[in-house]
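The values are calculated or read from the model by the stated rules, or taken from the named source; none is laboratory data. Here the structure is a predicted model, which means the values were calculated and not measured. Note that we place each Cβ from the backbone using ideal geometry, even for glycine, and neighbour counts take in every protein chain shown.
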Amino acid sequence: MNIFRLAADSSHLIAILILLAKMWKTRSCAGISGRSQVLFSLVFTSRYLDLLTNYISLYNSIMKVFFLVSSFGTVYLMWYKFRATYDRNHDTFRMELLVVPALVLALLINHEFTVMEICWTFSIYLESVAIMPQLFMLSRTGSAETITAHYLFALGLYRALYILNWMYRYYTEAFFDPIAVVAGVLQTVLYADFFYLYVTRGWLLSLKQSSTSKLNSKMHISWKNLAALFH
């Protein structure tokens, strides 16, 4: 395992811990898209179906279990324990418009036409767009708590680091997976606008209301053509 893979996994883990800590401490899931979290649960479930049949390493197995448990735990907190604080009125992105194309692509473009491989490929495609309901929700509400911004930044950093991991593996191992790379680049692009605003508006230190308004204004330009379709 190289340093980029380890850093990417660490960033992903930190993002999830930030989200869970935020919800548990505030007893609220305000500002978080339940639809994105359902999609992430579907991503990890379909990707880690081989948990009991394909052992790679202790590290790999522990990470698989963590992502599965944390994703379902997040869904439970949002849809049951803290459901009174869940903003359903603004979280309206139509998930089927992401799930169905990802499934069709997985059936058409994969490494091997087997159940496990199709499920893995489906998870790769779906993960690349699973954050869209969250970004769409941000563009509609015009608000982002500091913790929510840190969560999204850590997720974006995780995917950006994985691109460096693939570059490193290509030059050191001649390894190249076009499915994972293309999907990963798409996912990074989706985070790009938020990532830019996060850094330039000083969100590494704090997220102020004025910055939030600017986030909404800028993201609205990028997402306004989607609003009519996904509302």
* Asked: Which of the residues belonging to the range 46-65 are among the polar types (S, T, N, Q) and in a loop (DSSP other than H, G, I, E, B)?
  -> THR53, ASN54, SER57
* Of all the residues that make up the range 11-34, how many are surrounded by 19 or more Cβ atoms within 10 Å (Cβ to Cβ), within 15 Å of MET78 (Cβ to Cβ) and not β-branched (Val, Ile, Thr)? -> 7
* Can you run down the residue pairs with Cβ atoms below 7 Å, 6 or more apart or on separate chains, where the first is in the range 87-112 and more than 19 Å from LEU42 (Cβ to Cβ) and the partner is small (Gly, Ala, Ser) and part of a loop (DSSP other than H, G, I, E, B)? => ASP87/ALA30
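Among the residues in the range 35-46, are any free of Cβ contacts under 8 Å to residues at least 12 places away in the same chain and surrounded by fewer than 19 Cβ atoms within 10 Å (Cβ to Cβ)?
To start, the set of residues in the range 35-46 that are free of Cβ contacts under 8 Å to residues at least 12 places away in the same chain comprises none.
The answer is no, given that none of the residues of the range 35-46 is free of Cβ contacts under 8 Å to residues at least 12 places away in the same chain and surrounded by fewer than 19 Cβ atoms within 10 Å (Cβ to Cβ).
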* Close pairs (7 angstrom Cβ cut-off, 6 or more residues apart or separate chains): among the β-branched types (Val, Ile, Thr) in the range 1-27, surrounded by 15 or more Cβ atoms within 10 Å (Cβ to Cβ) and at pLDDT 95 or above anywhere -> ILE16/SER70
* Take the residues in the range 151-164 that are surrounded by fewer than 20 Cβ atoms within 10 Å (Cβ to Cβ) and not small (Gly, Ala, Ser), then tell me which one is nearest to ARG88 (Cα to Cα). => ILE163
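Only one of these is assigned to a helix (DSSP H, G or I), farther than 22 Å from LEU135 by Cα and within 14 Å of the chain's Cα centre (by Cα): LEU39, LEU68, LEU19, LEU13. Name it. Spell out how you get there, then give the answer.
Working: LEU39 fails: farther than 22 Å from LEU135 by Cα; LEU19 fails: farther than 22 Å from LEU135 by Cα; LEU13 fails: farther than 22 Å from LEU135 by Cα.
Only one candidate passes the filter, namely LEU68.
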* **Count of residues meeting criterion [surrounded by 12 or more Cβ atoms within 10 Å (Cβ to Cβ) and either more than 18 Å from ILE14 (Cβ to Cβ) or aromatic (Phe, Trp, Tyr) (or both)] in the range 58-73** => 5
* **THR92 being within 28 Å of VAL185 (Cβ to Cβ), of a type outside the set (Phe, Trp, Tyr) and either at pLDDT below 95 or in contact with a strand residue (DSSP E or B) (Cβ under 7 Å, 6 or more places away or on another chain) (or both)** => yes
* Does the range 85-92 contain at least one residue that is in a helix (DSSP H, G or I) and either aliphatic (A, V, I, L, M) or surrounded by fewer than 15 Cβ atoms within 10 Å (Cβ to Cβ) (or both)? -> no
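Restricting to the range 22-36, name every residue that is under 22 Å from LEU135 (Cβ atoms) and either among the charged types (D, E, K, R) or not in a loop (DSSP other than H, G, I, E, B) (or both).
Taking the range 22-36 and keeping what is under 22 Å from LEU135 (Cβ atoms), we get 22-23, 26, 28-36.
LYS22, MET23, THR26, GLY34, ARG35, SER36, listed by residue number.
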